[in-house]
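The values are calculated or read from the model by the stated rules, or taken from the named source; none is laboratory data. Since we're looking at a predicted model, the values are computed, not measured. Here the Cβ is made from the backbone with ideal geometry for all residues, glycine too, and neighbour counts use every protein chain on show. The area values use the complete protein model at the heavy-atom level, side chains included, leaving out ligands, DNA and RNA. Shrake-Rupley method; radii C 1.70, N 1.55, O 1.52, S 1.80 Å.
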Amino acid sequence: MTLKTKSPFGSWASDITTNMISGSIIGLGQLSLDNSNIYWTEMRPSENGRTLLMGLDNNGEAEELLPKQFNIRNRVHEYGGGSFTLNNEKVFFIDSKNHGIFKMQLDKNTNNLTPELIVEKDKMFFADFIYDDVNDCLFSIAEDQSGEGEAKNMLVSITMDGEINIIASGADFYASPKLSPDKKHIMWIEWNHPNMPWDGTLLYQADILDGGAAVNNKKLISGGDNISIFQPEYSPNGDIFYISDLSGFWNIYKFSSGKNYGNKTKHYKFEFEFGLPHWVFAMRCYDFIDQDNIITTYADAGDWRLAILNLKTGKLMDIDLPWCSFDSLYCHDNIAYFIGSQKNMTPQLVALNLLDHSYKILQNSNSQQIDMDNISIAEKIKFPTEGGLFAYGYLYKPKNAKYTGIDGELPPLIVKSHGGPTGQASCSFSAKIQYWTSRGFAVFDINYGGSTGFGRKYRKRLIGNWGVTDVDDCVNGAKYLVNNDIVDGDRLIITGGSAGGYTTLSALAFRDIFKAGCSLYGIGDLISLAEDTHKFESRYLDKLIGKWPDDADIYRQRSPINKPNNLNCPIIFLQGEDDKVVPPNQAEMMVDILRDKKIPVAYLLFEGEGHGFRKAKNISHALEAELSFYAQIFDFLPAGNIKKTHIDNL
């Protein structure tokens, strides 16, 4: 047995480098099936965040399918998703440069095919589209940003000659268009301000007319102001399935509309979550194995599993698998395809045989092997919080094959507040978390009240309480670990991005437990956010904080920027220059306050980055800058050739 070197926490050398995270690890994204062929997107930081379309060649090896100049992304709702679709080896995709929709015939025996531009319109953006092979048209979500005021969202059809026909309009938002098997009907989800799609949505179906140019007989299937509908699908025989949280949990429902059924709805009832917050388009949590069985993923108190739901008996049968998250789920001919993450391994594209549960890995997101002795496995922690309630988190303790801490020393703790805030911390492998734990930090990834995966009641704990409930839970999570002698109470750090950045800054402004913080494109001024953000989230705060501008006083009270005297510990700010969701002025106002107060502060503005970092050099720079910041604040020497971050007032 190899003896480990005793070294201060935070100073350990690690094989999990920024180059590995930003260079060798790719982002596996949207999947799509075309008969028995699987296709997917990959985001590559090493190519400045370009998103590629991938498939399998004749030997079953992954290959890029489009010319190098194309980058498959869209900016509808700013977060995008649903940027390609396929039908009989024809691919339709959106390129990020001109936002146009292109068409290309896929042929494994022919190289250098040239995509054909179908439609391009100034300041008109498209997403979440499907091809109708009967009417030879695309149905798509469109967002028109050409006019004054808010963008206009609508459901449209697009001919192969580029003619755009409005199918549905008038609502603030649209998503999830789906075609019936006979191509006679289309259904979609729509919703209005101030709801977000996890608050309340409406599911409609209509008859397709005029070769796809129009619809009539629009009929409400389900939903309401306080009912969230997610992922509608037609079954093989044309019944409508969808996920609804009417019961308090996102469950699967069946609406039977055939002649033999009449109009009736069946609820497959469980106290589990079968759905997700609809942040991006084309999210999928289930698919049909056959007319009587569904393959589905679900969360039990935040932990995700894969199971088969029998539609006749309502019985749910778990499948024992090594993965703990299952994204973009598809099924064809008893093979389930998904992007799966394990606790100790980067995400993989998996083909699972549902007859014998054997599986094949079609693509790995990481080309480098990571020593298992350097991987910290998540431990689920349930801890007490305000009001006699409990919150949850995943604890990652320091782990390194070559190093251990000095006798009597407890590790510093990084409390991670996820984004959304209607997001979720997962126990699946995160290279960025392992970057910290392999260097001697403990990380506590917290599912504060408001998080997904625990039912609507847990999610609604944040209604009217953003900046309070989330902060309480992060503080109480840190205290729990300190009180149980797991971490060093004098070296508590909190970090988060976007909405998690707001939680971070609020914890630093309104509590005094944390000794340092890192805000990644975080929110300091709620009023600025309410007045200067994109349409999708422009009324999000009405429920999280209060109605704007009627409750402006609450916005002021909960804005960290308005409590400058409360900011008394060092903070590093990491910000994208082109961020439209949380503009740079949010960070810069906070930085100026800290500089004036003579509190140590660092600010890094990344050129060409939006809301989240996609370029390899910037991902690496951000991580190393954060490590250097903590090293200077807590007086330890980080291993490796880490460039020293400039800190004002240190």
**OP:** Output the number of the condition that Ala478 fails; it satisfies all remaining conditions of (1) aliphatic (A, V, I, L, M); (2) more than 21 Å from the chain's Cα centre (by Cα); (3) within 22 Å of Ser14 (Cα to Cα); (4) buried (at least 21 other Cβ atoms within 10 Å of the Cβ).
**Re:** (3)
Original post:
What number of residues within region 353-386 are in a strand (DSSP E or B), among the polar types (S, T, N, Q) and either in contact with a Lys or Arg (Cβ under 9 Å, 6 or more places away or on another chain) or at positive phi (or both)?
Top reply: 1
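If you go through region 18-41 one residue at a time, how many are over 14 Å from Ile72 (Cβ atoms) and part of a strand (DSSP E or B)?
Residues flagged as over 14 Å from Ile72 (Cβ atoms) and part of a strand (DSSP E or B) within region 18-41 amount to 5.
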Subject >> Cβ-Cβ under 6 Å pairs, at least 6 apart or on other chains, region 215-235 side at positive phi, far side open to solvent by 20 Å² or more (accessible area, probe 1.4 Å) >> reply: Asn217/Asp207; Gly223/Leu202
**OP:** Name the residue, out of Ser341, Ser358, Ser328, Ser376, that is within 22 Å of Ser46 (Cα to Cα) and not β-branched (Val, Ile, Thr).
**Re:** Ser341
Original post:
Going through region 154-172 one residue at a time, which ones are out of contact with any Ser or Thr (no Cβ under 8 Å at 6 or more places or on another chain) and crowded, with 18+ Cβ neighbours inside 10 Å?
Top reply: Ala168, Ala171, Asp172
Subject >> Arg491 vs. criteria surrounded by fewer than 21 Cβ atoms within 10 Å (Cβ to Cβ) and of a type in the set (D, E, K, R) >> reply: no
**OP:** Give the residue, chosen from Asp333, Asp318, Asp327, Asp371, that is within 29 Å of Asp485 (Cα to Cα) and of a type outside the set (A, V, I, L, M, F, W, C).
**Re:** Asp371
Original post:
Which residue pairs have Cβ atoms under 9 Å apart, sit 6 or more places apart or on different chains, and have a first residue in region 514-530 that is closer than 9 Å to Gly497 by Cβ and open to solvent by 20 Å² or more (accessible area, probe 1.4 Å) and a second that is in a strand (DSSP E or B) and hydrophobic (A, V, I, L, M, F, W, C)?
Top reply: Leu520/Phe573; Leu520/Leu574; Tyr521/Phe573; Tyr521/Leu574
Original post:
In region 144-153, what residues are open to solvent by 30 Å² or more (accessible area, probe 1.4 Å) and either outside any loop (DSSP other than H, G, I, E, B) or among the charged types (D, E, K, R) (or both)?
Top reply: Asp144, Glu148, Glu150, Lys152
Subject >> Complete set of residues in region 577-614 that are within 28 Å of Asp512 (Cα to Cα), touching a Pro at 6+ places or on another chain (Cβ under 9 Å) and either of a type outside the set (Lys, Arg) or surrounded by 21 or more Cβ atoms within 10 Å (Cβ to Cβ) (or both) >> reply: Met590, Ile593, Leu594, Asp596, Ile599, Pro600, Val601, Ala602, Leu605
Subject >> Any helices (runs of 4 or more DSSP H) falling wholly within region 482-583 and containing at least 2 residues that are of a type in the set (Ser, Thr, Tyr) >> reply: 499-510
Subject >> Where Leu321 falls short, out of the listed (1) more than 30 Å from Asn19 (Cβ to Cβ); (2) aliphatic (A, V, I, L, M); (3) buried (at least 19 other Cβ atoms within 10 Å of the Cβ) >> reply: (3)
**OP:** Exactly one condition in (1) open to solvent by 10 Å² or more (accessible area, probe 1.4 Å); (2) closer than 23 Å to Gly612 by Cα; (3) within 20 Å of the chain's Cα centre (by Cα) is not met by Ile446; state its number.
**Re:** (1)
Original post:
Is there a residue in region 119-132 that is in contact with a helix residue (DSSP H, G or I) (Cβ under 9 Å, 6 or more places away or on another chain), in contact (Cβ under 8 Å) with a residue 60 or more places away in the chain, open to solvent by less than 10 Å² (accessible area, probe 1.4 Å) and not in a loop (DSSP other than H, G, I, E, B)?
Top reply: yes
Subject >> Sole exception among (1) in contact (Cβ under 8 Å) with a residue 40 or more places away in the chain; (2) open to solvent by less than 50 Å² (accessible area, probe 1.4 Å); (3) in a strand (DSSP E or B); (4) more than 26 Å from Ile433 (Cβ to Cβ) for Lys103, by number >> reply: (2)
Original post:
Residues in region 358-366: is at least one surrounded by 20 or more Cβ atoms within 10 Å (Cβ to Cβ), touching an Asp or Glu at 6+ places or on another chain (Cβ under 6 Å) and in contact (Cβ under 8 Å) with a residue 24 or more places away in the chain?
Top reply: no
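Yes/no per residue for (1) open to solvent by less than 20 Å² (accessible area, probe 1.4 Å); (2) touching a residue at least 24 places away in the same chain (Cβ under 8 Å):
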| site | (1), (2) |
| --- | --- |
| Asn35 | no, yes |
| Pro45 | yes, yes |
| Gly49 | yes, yes |
| Glu78 | no, yes |
| Ser83 | yes, yes |
| Asn87 | no, yes |
| Lys90 | no, yes |
| Asp107 | no, no |
Original post:
Tell me, which residue of region 324-347 that is on the phi < 0 side of the Ramachandran plot and either over 24 Å from the mean Cα position of the chain (by Cα) or acidic (Asp, Glu) (or both) is least open to solvent (accessible area, probe 1.4 Å)?
Top reply: Ile335
**OP:** Give just the number: which of (1) part of a loop (DSSP other than H, G, I, E, B); (2) surrounded by 21 or more Cβ atoms within 10 Å (Cβ to Cβ) does Ala401 not satisfy?
**Re:** (2)
Subject >> Pair list, Cβ under 7 Å, 6 or more apart: region 584-604 residue touching a residue at least 24 places away in the same chain (Cβ under 8 Å) and part of a loop (DSSP other than H, G, I, E, B), other residue β-branched (Val, Ile, Thr) and open to solvent by 60 Å² or more (accessible area, probe 1.4 Å) >> reply: none
Original post:
If Val350 passes every condition in (1) assigned to a loop (DSSP other than H, G, I, E, B); (2) open to solvent by less than 40 Å² (accessible area, probe 1.4 Å) but one, which one does it miss?
Top reply: (1)
Original post:
Is it true that Gly408 is open to solvent by less than 10 Å² (accessible area, probe 1.4 Å), small (Gly, Ala, Ser), over 18 Å from the mean Cα position of the chain (by Cα) and more than 15 Å from Ile381 (Cα to Cα)?
Top reply: no
Original post:
Do the conditions hold for Asn192, that is, is it at pLDDT below 95 and surrounded by fewer than 17 Cβ atoms within 10 Å (Cβ to Cβ)?
Top reply: no
